[in-house]
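Below is one structure, written out as structure tokens, with a few remarks after it.
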Amino acid sequence: MSRYLKLVNFEFNRFWKLFLVLIGITILSQLIGVIVVSRDYVNQANKMIYEASMPMSKFIEQNGTFSFHNISQTLWFLGPIGLCLAVLIIYVFFIWYRDWLGKNTFIYRLLMLPIARLHVYLAKATTILLLMLGIVALQLLLLPIENQMLLRIVPNELLANLSLNEIIKEPNLMIMFPTTFSEFLLYYGGGMAAVLIVFTAILFERSFRIKGVFYGILYSAASILIFLAPILVNEFILRNYFYPLELFFMELATGFIVLMGAVWTGNFLITKKVRV
Amino acid sequence: MIEVKEVTKKFGRKNVLNGVSFTAEKGKITCLIGINGVGKTTIMKAIMALTPIDGGEILINGEKIHKGSYEKITFIPDTITMLPQMKISDAFTFMADFYDCWNQERASELLQFFKLKESDRISELSKGNTAKVNLLLGLAMDVDYVLMDEPFSGIDIFSREQIAEVFTSHLIENRGVIITTHEINDIEHLIDKVVLIDHGVVLKEFDTEEVRESEGKSVIDVMREVYKA
């Protein structure tokens, strides 16, 4: 167990510098975004109310009050989240291929460690999960700070103050911050299952090379089909026979099967089939 | 003892190993010789379970390879197995973290022997020095068997001599070594056993001392005979 944790720590440290850059970009972009967007609004209000003598009530009627919602829709706010997500998606592939490709084939060392090879697979998956949770945690820390900044820039009369609870229910943030346990299972469980399916597909490619690409695609398609089977059957064969809660539990079951299938297949490939 | 029994391996339609069998004993240096592409590296990788075999069996001390085996056997491939951004000291820490058989004293001794510094960054080392670090990481482990793939390939004569020196030192004593090389001249006098391979088949397996004494032939003489035939 301790060697597994050491491996997770090692994998995490390999991404650490890039992770810091992503954190920096997110903090800068979102904080600048709060200042720029709320100042724009205040400047516009000043222009209309004080220079064009528009009554405040009419300005609010035309432009609406200002809330965090106005910020969470902008590129300043969503851009770095998208960037982090894109980097993480690329990293899901890179975390494996960088060990195989290039002059320094670290995969030799990883596969010759005196630990179960499944630990290598799980350590990489854990790293991806930690990075994702790190980004979510950063966002959770930033939201109240950004909200406080907004309160200081925009006058009370023009402000629709949202609580943190209301902010995280914004449509753009809902996937990041599930409000119920079932949503958490659905979003994060689904996300992890997707990562493990990609990991296993990569191991198919690393085990059988060109043929493996074909096997990997077939395997991924089969996994998605199994995962979506309850929804597809309910929609097209049984014509909405199940209650949503029944469907949810069936999805949970198929999701678990797909996740375990990915780990089992990944373990089989990395132990018996993979080649360096 | 490492036992390679009737091992077969195909890449696509090409038979790379075609029933390869040989043994390598502890305390002896066994050399796999053959031209490029005959399957020497594949055999090494197969022993270490870094490539699956299609048929046959490989046993290390009578057991199939498992996670614990990597504390008893190590493989030094012809590329560095550590991250380029690491310093040698980082590589030492990594090895100490994961291997019970890591011997820091021996690592320091080898570092001195190869005239390297712990603060050296792997990416900044010459090819010769990178090969030495690779060798160092393998030899600093208290293992029974060391597998080396082309340790002399593409490095300067001085580094080659230094690496060859390792074979006569206490660092190799009592270990079983399997080595693949083209540079047979450098270590001909050091090897105990030769396995000549061609097109995935063992052409001849012989004890160098025996051939020298009974037939008065060197390894290169035997190689010439076998390959010309």
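The values are calculated or read from the model by the stated rules, or taken from the named source; none is laboratory data. Since this is a predicted model, take the numbers as computed values, not measurements. Cβ placement follows ideal geometry from the backbone for every residue including glycine, while neighbour counts extend to all protein chains displayed.
Of note:
- Any hit, segment A:41-53, residues being outside any helix (DSSP H, G or I) and charged (D, E, K, R): no
- Close pairs (7 angstrom Cβ cut-off, 6 or more residues apart or separate chains): in contact (Cβ under 8 Å) with a residue 40 or more places away in the chain in segment A:28-54, outside any helix (DSSP H, G or I) anywhere: A:Gly33/A:Thr74; A:Ser38/A:Phe66; A:Ser38/A:Val154; A:Tyr41/A:Phe66; A:Tyr41/A:Val154; A:Val42/A:Val154
- Being without any contact (Cβ under 8 Å) to a residue 40 or more places away in the chain, more than 9 Å from chain A (Cβ to nearest Cβ) and surrounded by 20 or more Cβ atoms within 10 Å (Cβ to Cβ) holds for only one residue in B:Leu116, B:Leu111, B:Leu135, B:Leu125, and it is B:Leu111.
- Sole residue being in contact with a helix residue (DSSP H, G or I) (Cβ under 8 Å, 6 or more places away or on another chain), more than 7 Å from chain A (Cβ to nearest Cβ), β-branched (Val, Ile, Thr) and without any contact (Cβ under 8 Å) to a residue 60 or more places away in the chain, chosen from B:Ile58, B:Ile80, B:Ile73: B:Ile58
To keep it simple, each residue is scored yes or no on (1) on the phi > 0 side of the Ramachandran plot; (2) of a type in the set (S, T, N, Q).
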position	(1), (2)
B:Thr168	no, yes
B:Asn174	yes, yes
B:Ile187	no, no
B:Val194	no, no
B:Lys204	no, no
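- Residues in segment A:249-274 that are of a type in the set (Phe, Trp, Tyr) and away from chain B (no Cβ under 13 Å): A:Phe249, A:Phe256, A:Trp264.
- Against the numbered list (1) farther than 24 Å from B:Glu161 by Cα; (2) within 12 Å of chain A (Cβ to nearest Cβ); (3) surrounded by 19 or more Cβ atoms within 10 Å (Cβ to Cβ), B:Asp100 comes up short only at (3).
- Residues located in segment A:257-276, provided they are surrounded by 14 or more Cβ atoms within 10 Å (Cβ to Cβ) and either among the hydrophobic types (A, V, I, L, M, F, W, C) or free of Cβ contacts under 8 Å to residues at least 12 places away in the same chain (or both): A:Ile257, A:Val258, A:Leu259, A:Ala262, A:Val263, A:Phe268, A:Leu269, A:Ile270, A:Val274, A:Val276
- The condition of being touching a residue at least 40 places away in the same chain (Cβ under 8 Å) and within 12 Å of the chain's Cα centre (by Cα) holds for only one of A:Ile135, A:Ile95, that being A:Ile135.
- Cross-chain or 6+ apart pairs with Cβ under 9 Å, segment A:189-212 first and closer than 13 Å to A:Val276 by Cα, then modelled with pLDDT of 95 or more and not in a helix (DSSP H, G or I): A:Leu203/A:Val274; A:Arg206/A:Val274; A:Ser207/A:Val274; A:Ser207/B:Pro52
- Consider segment A:99-110 and keep the residues that are in contact with a Phe, Trp or Tyr (Cβ under 9 Å, 6 or more places away or on another chain) and in contact (Cβ under 8 Å) with a residue 60 or more places away in the chain. The one that is nearest to the other protein chains (Cβ to nearest Cβ) is A:Tyr108.
Rundown of residues vs (1) among the hydroxyl-bearing types (Ser, Thr, Tyr); (2) modelled with pLDDT of 95 or more; (3) touching a helix residue (DSSP H, G or I) at 6+ places or on another chain (Cβ under 8 Å), yes/no style:
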position: A:Leu5; (1), (2), (3): no, yes, no
position: A:Gln73; (1), (2), (3): no, no, no
position: A:Phe77; (1), (2), (3): no, yes, yes
position: A:Ile90; (1), (2), (3): no, yes, no
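For (1) under 24 Å from A:Asn147 (Cα atoms); (2) within 14 Å of another protein chain (Cβ to nearest Cβ); (3) out of contact with any Ser or Thr (no Cβ under 9 Å at 6 or more places or on another chain); (4) of a type in the set (Phe, Trp, Tyr), each residue gets a yes or a no:
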residue	(1), (2), (3), (4)
A:Glu11	no, yes, no, no
A:Phe15	no, yes, no, yes
A:Ile27	yes, no, yes, no
A:Ile32	yes, no, yes, no
A:Asp40	yes, no, yes, no
A:Ala45	yes, no, yes, no
A:Ala52	no, no, yes, no
A:Phe59	yes, no, yes, yes
A:Asn63	yes, no, yes, no
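- Residue in segment B:19-31 that is in contact with a Phe, Trp or Tyr (Cβ under 9 Å, 6 or more places away or on another chain), in a loop (DSSP other than H, G, I, E, B), closer than 15 Å to B:Val177 by Cα and away from chain A (no Cβ under 13 Å) present: yes
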